[in-house]
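To start, the structure itself, in structure tokens.
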Amino acid sequence: MSAYRKPLFYLALLALALAAPYLAPAIRTQMSFLWVMIVFALTWDVLGGQMGYNSFGNVLFFGVGMYTCAMVQQHAGLGYYPGLFVGMAAGGAMSVGFAVALGWGILGLRGHYFAIGTLGLGIAAAEFAGGWDYIGAGSGLVTPLYPGVVGARETFFYYLCFAVAAATFLTLRWVYAGRFRLAINAIRDDEDKAEAMGLHTTLYKTVAWSIAALFLGLIGPVAGNLIGFIDPRDVAFASSSYGVWMLLMAILGGKGTLWGPVVGAAVFHITQELFWTYLLGWQRVALGLLIMLIVVFFPMGIMGWARERWPERFGQRVDEGAK
Amino acid sequence: MTAILEVEHLHKAFGGVVANQDVSLQVPEGKVIGLIGPNGSGKTTLFNSIVGQHPIDSGAVRFRGREISRLRVPAIARLGLLRTFQQTRIYGGMSCMQNMEISPPHGSPTPRSLFGHIPAEVSAKAEELLQFVGLYAKRHLLAGDLSFGQQKLLEFAMALMNEPTLLLLDEPTAGINPTLINGLIDRLRRANEEMGVSLLIIEHNMSVIMNLAEYLYCLAHGELLAEGEPEAIRSDQRVIDAYLGGH
């Protein structure tokens with residue numbers, strides 16, 4: 001993309017995202033969830049794609065953020081909006097705290113062991129939350145009623161979801177432009193070598209996981225309030241849906257690229273909604289078939305396939321550009 | 001001449017298999033020292049013990065006078081004691097330049113060193129060192145697409161990027177064609193003389209190691225069999241019997 005087309009592309013995308021609730025008011029909630037999905041895929045890819053650590057437990061941070069915010073909203077006695085925003089901040093902070101604390105132990109595991117270790121996180125958290133009366137236990141929590149007029153709620157949450165997704169994207173874009181990306185890519189390619197070169201691997205791994213946790217901890221509260229009801233197993237710590245979709249979307253779009261997770265989340269969410277509308281009863285079968293087709297024909301994901309086809313566009317060179 | 005690395009009575013066993021027994025060696029500052037011995041004689045295990053890959057059973061490893069046998073791998077590397085691997089290890093999914101740019105010495109982490117951009121002088125130095133090993137023309141290629149010999153050169157350049165005081169090289173010429181070997185010997189010598197990097201080299205190619213090293217240690221069955229100047233080692237009957245063979 002040439003120098004002036006890139007900002008134009010971003011501006012067009014921004015305009016479309018801002019206008020969307022007025023262009024298609026009937027599907028504001030579905031579009032809000034598109035941004036939630038994009039945050040899922042982007043944050044999963046920090047570890048899974050860029051660092052080579054396949055996490056099945058990232059949904060933990062989503063749920064921790066959601067519950068933390070709900071507690072602030074219920075008990076802090078602030079108004080609706082201050083309660084929500086303070087709750088989001090608390091949710092993000094709590095999730096980062098969890099990432100740092102858990103990271104010391106779990107990030108020492110490598111490869112399959114890390115994947116299996118994290119698999120337990122979401123499930124254990126769901127069981128724990130389901131048994132803790134203070135946070136509603138198995139019967140869940142109802143989030144506070146939105147104070148605005150009828151119809152304003154969907155628009156408000158649409159923009160809030162978009163804001164978190166945009167913040168996630170821009171933060172990762174900035175982080176990936178510097179040394180941090182090289183460091184976590186080095187860990188992905190050969191962690192023993194990175195250690196032998198003196199890289200602070202534990203620090204980088206913990207920071208990477210904390211970045212993912214931060215944005216999941218921010219989007220969790222928004223999603224919880226958007227849904228309006230927090231169930232420990234089906235909403236907050238939904239390992240078998242959100243937890244799996246996270247990595248599915250990132251792999252679908254092409255892991256290890258900035259845009260891959262965004263594209264993957266969009267394709268996944270839109271086809272899922274379409275299948276749900278037009279193939280009711282068979283929607284999961286159709287989705288499964290789609291995933292199989294993509295894995296067979298685009299094993300590197302959509303952006304991964306594009307990168308192999310047009311490597312120059314991704315800043316890679318295949319010929320020896322001797323100068 | 002002060003010894004920059006001192007290994008004293010190092011002992012390392014894996015269960016019943018004794019890999020290193022009572023091994024002592026010294027690397028004086030600024031020197032090139034060779035480590036030879038038959039396959040399975042414990043050379044790479046000794047390297048692993050020195051750089052903290054695994055705990056040692058007993059003995060001492062001192063680097064610039066400091067006991068390092070209890071430190072972990074990255075901490076030892078940050079002191080300036082670096083190793084390369086027998087099975088070449090580079091970051092295959094990254095370009096040669098990126099491999100180099102992530103390899104400068106890692107001091108104490110700061111927000112800037114974590115999230116900052118690659119400073120221009122680091123990129124300049126990376127290009128200079130790639131030029132030094134003859135990979136400049138390939139600097140934008142993925143490191144994983146290079147040939148094995150080129151990957152060895154890249155690994156060597158990455159090590160130099162880290163500005164080590166002492167570099168442990170595990171078979172630097174294995175799998176490299178004869179033309180490239182001559183170039184590599186020349187570069188190893190220049191790294192030693194011009195950049196002041198002390199070298200401890202494991203090598204099976206006798207003409208290379210006899211040529212490069214000023215002093216040799218020979219291991220056999222995990223024990224130090226002989227040590228001395230290359231000429232003395234070449235004519236040492238024990239070394240001939242255990243390793244070199246009669247010819």
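The values are calculated or read from the model by the stated rules, or taken from the named source; none is laboratory data. Keep in mind that this is a model prediction, so the values were computed, not measured. For neighbour counting, all protein chains shown are included, and Cβ atoms are generated from backbone atoms with ideal geometry for every residue, glycine included.
Miscellaneous remarks
- For the range A:105-137, a tally of residues being among the small types (Gly, Ala, Ser), surrounded by fewer than 13 Cβ atoms within 10 Å (Cβ to Cβ) and farther than 21 Å from A:ASP189 by Cβ returns 2.
- Filter result for the condition that a residue is out of contact with any helix residue (DSSP H, G or I) (no Cβ under 6 Å at 6 or more places or on another chain) and either at pLDDT below 95 or closer than 24 Å to B:ILE185 by Cα (or both), over B:LYS31, B:LYS12: B:LYS31
- No other residue among A:ILE270, A:ILE211, A:ILE219, A:ILE291 is touching a residue at least 60 places away in the same chain (Cβ under 8 Å) and surrounded by fewer than 16 Cβ atoms within 10 Å (Cβ to Cβ) apart from A:ILE270.
- Pair list, Cβ under 6 Å, 6 or more apart: the range A:295-317 residue touching a residue at least 40 places away in the same chain (Cβ under 8 Å) and closer than 15 Å to B:GLY144 by Cβ, other residue part of a helix (DSSP H, G or I) and not β-branched (Val, Ile, Thr): A:ARG307/A:PHE314
- Residue list for the range B:52-75, filter: buried (at least 19 other Cβ atoms within 10 Å of the Cβ) and either modelled with pLDDT of 95 or more or away from every other protein chain (no Cβ under 11 Å) (or both): B:ILE56, B:VAL61, B:PHE63, B:ILE68, B:SER69
- Residue within the range B:77-99 that is without any contact (Cβ under 8 Å) to a residue 40 or more places away in the chain, farther than 17 Å from B:ASN162 by Cβ and away from chain A (no Cβ under 11 Å) present: no
- Test: B:GLN86 is farther than 20 Å from B:LEU25 by Cα and under 16 Å from the mean Cα position of the chain (by Cα): yes
- Those strands (runs of 3 or more DSSP E) lying entirely in the range B:29-100 with at least 2 residues of a type in the set (Gly, Ala, Ser) and within 29 Å of B:PRO230 (Cβ to Cβ): B:58-63
- Residues of the range B:215-229 that are touching a residue at least 40 places away in the same chain (Cβ under 8 Å) and in contact with a strand residue (DSSP E or B) (Cβ under 6 Å, 6 or more places away or on another chain): B:TYR215, B:LEU216, B:TYR217, B:CYS218, B:GLY222, B:GLU223, B:LEU224, B:LEU225, B:GLU227.
- Identity of the residue in the range B:152-175, within 13 Å of chain A (Cβ to nearest Cβ) and assigned to a loop (DSSP other than H, G, I, E, B), that ends up surrounded by the fewest Cβ atoms within 10 Å (Cβ to Cβ): B:GLU163
- Applying the criterion of being under 16 Å from B:ALA143 (Cα atoms) and surrounded by 20 or more Cβ atoms within 10 Å (Cβ to Cβ) to the residues of the range A:191-203, the residue that is nearest to the other protein chains (Cβ to nearest Cβ) is A:LYS193.
- Listing of helices (runs of 4 or more DSSP H) fully contained in the range A:150-209 that carry 2 or more residues being closer than 22 Å to A:LEU258 by Cβ: A:152-176, A:179-189
- Residue list for the range B:195-227, restricted to those being farther than 14 Å from B:LYS43 by Cβ, assigned to a loop (DSSP other than H, G, I, E, B) and aliphatic (A, V, I, L, M): B:MET195, B:VAL197
Per-residue answers, yes or no, for (1) closer than 17 Å to A:THR43 by Cα; (2) β-branched (Val, Ile, Thr); (3) over 18 Å from the mean Cα position of the chain (by Cα):
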site	(1), (2), (3)
A:PHE237	yes, no, no
A:GLY253	yes, no, no
A:VAL262	yes, yes, no
A:TYR278	no, no, yes
A:PHE314	no, no, yes
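- Scanning the range B:101-134 for residues that are facing chain A (nearest Cβ under 10 Å) and closer than 14 Å to B:ALA159 by Cβ yields a count of 5.
- Options B:SER113, B:SER123: the member that is under 25 Å from the mean Cα position of the chain (by Cα) and closer than 23 Å to A:LEU172 by Cα: B:SER123
- Of all residues making up the range A:164-183, the number that are over 18 Å from A:VAL39 (Cα atoms) and either facing chain B (nearest Cβ under 7 Å) or surrounded by fewer than 15 Cβ atoms within 10 Å (Cβ to Cβ) (or both): 6
- The set of residues from the range B:101-124 being closer than 24 Å to B:THR165 by Cβ, without any contact (Cβ under 8 Å) to a residue 24 or more places away in the chain, among the small types (Gly, Ala, Ser) and assigned to a loop (DSSP other than H, G, I, E, B) comprises just one member, B:SER108.
- Filter result (touching a helix residue (DSSP H, G or I) at 6+ places or on another chain (Cβ under 8 Å) and part of a helix (DSSP H, G or I)) within the range B:125-134: B:LYS125, B:ALA126, B:GLU127, B:LEU129, B:LEU130, B:PHE132, B:VAL133
- Out of B:ILE76, B:ILE90, B:ILE33, one residue alone is among the β-branched types (Val, Ile, Thr) and either in contact with a Ser or Thr (Cβ under 7 Å, 6 or more places away or on another chain) or over 29 Å from B:SER123 (Cβ atoms) (or both). It is B:ILE33.
- When restricted to residues that are within 11 Å of another protein chain (Cβ to nearest Cβ) and assigned to a helix (DSSP H, G or I), the range B:135-151 contains 6.
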